[in-house]
Amino acid sequence: MKKVFITRRLPAIAEERLKEKFDVYGSRENEPYPRKLLPEIVGQYDAVLSTVTEKFNKEILKQKGKLTVISNYAVGLDNIDVEFAKSLGIAIYNTKDVVTNSTADLTFSIFLSLIRKILLAQVFIRNDNWKTWDPELFLGEELNGKVFGILGFGKIGQAVARRAFGFDLNIIFTNRSDIDAKYCNDIKARCVSFDELLAISDYISIHLPLTDLTRGIINRKIINKMKRKPIIINMSRGEIVVTNDLLDALKKGKIRGACLDVTAPEPIHADHPLCQLENCIIVPHIGTATLECRNNMALLAAENIINHFY
């Protein structure tokens, strides 16, 4: 019987499904699997169910024995050298279709928290500062009629657009591949050039995969093209935004705010300057952190392996 290794403690459904077809082994710890032990895994197992914290680079992958499959418990694949893996005959899978709603929900959750100053208001209450109603207290901004720009219009980007449409935002987007015209008409979304999106967006939401082309794409030069000093939302990968350039822009008012589910470095420490800014909300990479999504990810990651062999 083929052997499968799960690199981290995950929802039980993954192991339960895999045990129907394979001998299953793995870590019971809720922490990244030690890097020094990864060569042993790729050398001894037929399949690996991995997470984003395990980095399968060329150095690791070249230790391959009978490994045939890596199923990544994530939508992104930037923790795996996919092309090198494929050259070794290793198939790579992800869980892209089950993370859409949870990630889109969180996009608007942290966005609304920032523009309506919810976290600041909560601290205000907890510090016992609320003495009377104040017409100038925690003034935010309305969304109706503002321009919401989306970088990357895949399934998550489109789900974010549907939510933006519900808030009466004017939706624009950039995307490398064609999008169904009827879908765009239904939510009144308009495809524009990258430069136009930068120039007219009040808010910019990033939903791009991390590639050589997108790494560092939001930098000082690009931020200077953002005419309306928008709020930037990053739900993709931290490395897409140049952290020091973002920090400088926030401090100088070149952008009004930032909502970050991901950072570079990640994790980011509490003493980092970004964490000290009132116009920046950072959450610890929890875009897919719902019970429904995490269970569906575990099930799909397991079924990717099953379907590969059967």
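Using Cα positions and a limit of under 28 Å, work out the lysines in reach of K229, with same-chain residues fewer than 8 apart set aside.
Straight-line reach from K229, under 28 Å: K117, K146, K155, K188, K221, K251, K252, K254.
Collect residues whose amide H, placed 1.01 Å from N in the peptide plane, falls under 5 Å from the amide H of F56; neighbours closer than 5 in sequence don't count.
Excluding prolines and chain starts, which carry no amide H, the hits are I80, D81.
Counting only heavy atoms of the protein chains, get the accessible area per residue of the chain (1.4 Å probe) and round it to a whole Å² value. Please report the intermediate quantities before stating the final value.
On the way: 15940 Å² over 310 residues.
Per-residue accessible area for the chain comes out at 51 Å².
Could you work out the relative contact order of the stretch 23-157, using alpha carbon pairs under 8 angstrom and six or more residues apart, expressed as a whole percent?
Details: 141 pairs, mean separation 22.6, N = 135.
In percent, rounded to a whole number, it is 17.
Going toward the positive end of the dipole of the chain, with +1 on Lys and Arg Cβ and -1 on Asp and Glu Cβ, which of N129, L198, G287 do you reach last?
Ranked along the dipole, the leading option is L198.
Report the chymotrypsin sites (Phe, Trp or Tyr not before Pro) located in the stretch 68-172 that are in a DSSP loop and have at most 11 other Cβ atoms inside 10 Å of their Cβ, or state none.
On the way: sites: Y73, F84, Y93, F108, F111, F124, W130, W133, F138, F148, F153, F165, F167; in loops: Y73, W130, W133, F138, F153, F167.
When the chymotrypsin sites (Phe, Trp or Tyr not before Pro) of the stretch 68-172 are filtered for loop state and at most 11 Cβ neighbours within 10 Å, W133, F138 remain.
Can you work out ³J(HN,Hα) from phi for every residue in the stretch 5-12, in order, using Karplus 6.51 cos²θ - 1.76 cosθ + 1.60 and θ = phi - 60°, giving whole Hz and x for Gly and Pro?
Along the stretch 5-12, the couplings run 10, 9, 7, 7, 5, 10, x, 4 Hz.
In the stretch 35-154, if every C-alpha pair distance is counted and binned at 5 Å from zero, what percent goes to each bin?
Each 5 Å bin holds this share of Cα pairs: 2, 9, 14, 14, 9, 8, 8, 8, 8, 7, 6, 4, 2, 1.
Pull up the cross-link candidates among the lysines for K2, meaning alpha carbon to alpha carbon under 30 Å and not fewer than 8 places away within one chain.
Straight-line reach from K2, under 30 Å: K19, K21, K36, K55, K58, K62, K64, K66, K86, K96.
May I ask for the Kirkwood hydrodynamic radius of the chain, worked out over all distinct Cα pairs and given in angstroms to one decimal? Each step should come with its number before you reach the end.
On the way: mean 1/r = 0.0475 Å⁻¹.
For the chain, inverting the mean 1/r across all distinct Cα pairs yields 21.1 Å.
Please identify the trypsin sites (Lys or Arg not before Pro) of the stretch 30-133 that satisfy two criteria: DSSP loop assignment and at most 10 other Cβ atoms within 10 Å. Which are they? It would help to have the intermediate numbers written out before the result.
On the way: sites: R35, K36, K55, K58, K62, K64, K66, K86, K96, R116, K117, R126, K131; in loops: K55, K62, K64, K66, R116, K117, K131.
Answer in residue order: K131.
For the stretch 230-287, compute Rg over Rh where Rg is the Cα radius of gyration and Rh is the Kirkwood radius from the inverse mean 1/r over Cα pairs.
Details: Rg = 10.1 Å, Rh = 11.2 Å.
My calculation puts Rg/Rh at 0.91.
Per-residue HN-Hα couplings for the stretch 114-128, Karplus 6.51 cos²θ - 1.76 cosθ + 1.60 at θ = phi - 60°, whole Hz, x for Gly and Pro?
Here the 3J(HN,Hα) series is 6, 6, 9, 6, 5, 5, 5, 5, 5, 4, 4, 5, 5, 8, 6 Hz.
Residue by residue through the stretch 289-295, what is 3J(HN,Hα) from phi via Karplus (6.51 cos²θ - 1.76 cosθ + 1.60, θ = phi - 60°)? Round to whole Hz and write x for glycine and proline.
Coupling constants for the stretch 289-295: 7, 10, 4, 4, 5, 5, 5 Hz.
The values are calculated or read from the model by the stated rules, or taken from the named source; none is laboratory data. Please read all numbers here as calculations on a predicted model, not as lab measurements. Here the Cβ is made from the backbone with ideal geometry for all residues, glycine too, and neighbour counts use every protein chain on show. Just the protein is used for accessible areas: all its heavy atoms, side chains included, with ligands, DNA and RNA removed. Shrake-Rupley method; radii C 1.70, N 1.55, O 1.52, S 1.80 Å.
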